[in-house]
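Just below is one structure, and these are the notes that go with it.
The values are calculated or read from the model by the stated rules, or taken from the named source; none is laboratory data. Predicted, not measured: the structure shown is a model, and the values here were computed from it. Quick reminder, even Gly has a Cβ in these numbers, built from the backbone with ideal geometry, and neighbours come from all protein chains shown.
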Amino acid sequence: MALKKSAPRNLTSRSSASRIVFRSIKKLYTLSGVHQKDGLRPTPEDLGLIEKAAIVVEDGKILWVGEERKLKSALKGLSDARVGKYNQKYSQKNSQKSNQKIKYQDVQLNAETVLPGFIDPHTHLIFAGDRRNEFEMRNAGATYQEIASKGGGIRSTVRQTRAATSRQLLDLGQERANRLLRQGVTTVEIKSGYGLTEVDELKILQTARKIKGPRVITTFLGPHAVPEGKTADSYLEEVIRVMLPKARKFADRADMFIESGYFSISQARRYFEAARALGFQITGHADQMTRTGASVELARMKATSVDHCVQISEPDIQELARLSSGTTCVCLPTSDFYLKMKYPPARALIDSGARVALATDFNPGTSPSLDISLVGILARLEMRLSLPEVIAALTFNASRALGLEKDIGALVPGFISDFICLDQPLESLFYDVGYHPVRGVFRGGCDVTPFASQL
Ligand SMILES: [Zn+2]
């Protein structure tokens, strides 16, 4: 696809009242219906298809979307009275320049398909080393405990991450972020959790915030594992008293690995109450290996997301559906695949009225894959999600899991214009493992595709 590279690199820094018109889109999927239904029970119609479409962007945000043949009259209307809430805000903010002549930039996308950029709402992107040898051990039948007793597992990644410099971690993280961007991921969540000391946890969060390309949302995961020589209680005390307040500067979300042998529900309650008092959003690794009841417990604490949800019961599903106005269930099928585990009951969650998002869970131990096509294909095959449900789960529903549902995940007026262009129909997505038909990546209306092409 020939993309005209005329979009400015940084739209938000422009002070003039210029706008960008993106034309020549054969099929535009706005996800307006998914947005309207708050991500619940997505249908094919909810993808909000507009044929022969155009998008008008101003200051990185969508001003108008619609059929290109209606563009002329829409632009005329936009020059005078501006529609919607965002535009009212615009009028106030820019009243002094309301008499300026508005300049338009034209970008011919020549795209077969345009849809919102993908959002990966659960990764452990920053770590050093790998756990390749454990793959072979596990495949030969070794248990997690046996691997850990030989110095493997999370603690081996912790050792290697502590030994790495910030520069080394940034290089590793940037290379991984580039791979996500190339697949159309415009927002990625990154957790700490391989430091387990104040200095090392903050080093990971600060490094994550330096990554360029996709938008980065950082999450503090100090209670990922209990460091050597400490008990869960003594470590948690240190996390709550020392690490959490300092991490607040570099992370908006607080996470915990709630699992037998790691942290308990009662420890989770203590931790999340302290986190909430500091203004963190709450999220948790819940009910992955064993059923602890953490998914429901966290949803009742108004967690924005509960992640994994593999071992949840039928009553848990009903309760998560009841609490869907606050909490999104994030399923991570790649880790279930690598662990040869059962998959979460996403079909039952969606049918019951819960909101489901998908993520890579990229980490060196249980999900060493950054491939979002694999995530979507496993969701289709093993969790019986429809293609529209997978697309909703990796766009609007993922934004909901991160508390960003007013800004990203759909292409509707007022939203940040993060979108991707395909040179194939929508059905080419999540069909062929490792195949990514993404040919253009735009973040806030800026073409970030050349960045991806350097890979
Ligand atoms: Zn995880």
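Summary table
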quantity: Looking only at segment 240-299, and only at residues there that are among the acidic types (Asp, Glu) and within 16 Å of the ligand (Cβ to nearest atom), the one that is nearest to Phe337 (Cα to Cα); calculated: Asp287
quantity: Close pairs (7 angstrom Cβ cut-off, 6 or more residues apart or separate chains): more than 20 Å from Ser373 (Cβ to Cβ) in segment 106-124, of a type in the set (Gly, Ala, Ser) and not in a loop (DSSP other than H, G, I, E, B) anywhere; calculated: Gln108/Ser24; Leu109/Ser24; Leu109/Gly440; Asn110/Ser24
quantity: Matching residues in segment 213-237 - criterion: being farther than 19 Å from Ile282 by Cα and either more than 15 Å from the chain's Cα centre (by Cα) or surrounded by fewer than 13 Cβ atoms within 10 Å (Cβ to Cβ) (or both); calculated: Val226, Pro227, Glu228, Gly229, Lys230, Thr231, Ala232, Asp233, Ser234, Tyr235
quantity: Single residue of segment 121-155 satisfying the filter (away from the ligand (no atom under 15 Å from the Cβ), farther than 20 Å from Ser260 by Cα and under 28 Å from the mean Cα position of the chain (by Cα)) that is modelled with the highest pLDDT; calculated: Ala128
quantity: Filter result for Ser369 (polar (S, T, N, Q), surrounded by fewer than 24 Cβ atoms within 10 Å (Cβ to Cβ), touching a residue at least 24 places away in the same chain (Cβ under 8 Å) and within 18 Å of Ser325 (Cα to Cα)); calculated: no
quantity: Among the residues listed as Leu49, Leu28, the single one being buried (at least 20 other Cβ atoms within 10 Å of the Cβ), modelled with pLDDT of 95 or more, within 30 Å of Asp351 (Cβ to Cβ) and not assigned by TED's automatic domain parsing to the domain that holds Arg215; calculated: Leu28
quantity: Odd one out for Gly173, checked against (1) within 16 Å of the ligand (Cβ to nearest atom); (2) among the small types (Gly, Ala, Ser); (3) farther than 30 Å from Leu411 by Cβ; calculated: (3)
quantity: Those residues of segment 318-328 which are crowded, with 24+ Cβ neighbours inside 10 Å and either within 14 Å of the ligand (Cβ to nearest atom) or part of a helix (DSSP H, G or I) (or both), in sequence order; calculated: Leu320
quantity: Contacts under 7 angstrom Cβ, first residue in segment 217-238 being assigned by TED's automatic domain parsing to the domain that holds Ile282, partner of a type in the set (Val, Ile, Thr) and at pLDDT below 95, 6 or more apart; calculated: His224/Ile154; Ala225/Ile154; Ala232/Val226; Tyr235/Val226
quantity: Of residues in segment 336-363 being in a helix (DSSP H, G or I) and over 19 Å from Gly326 (Cα atoms), the one farthest from the ligand (Cβ to nearest atom); calculated: Arg347
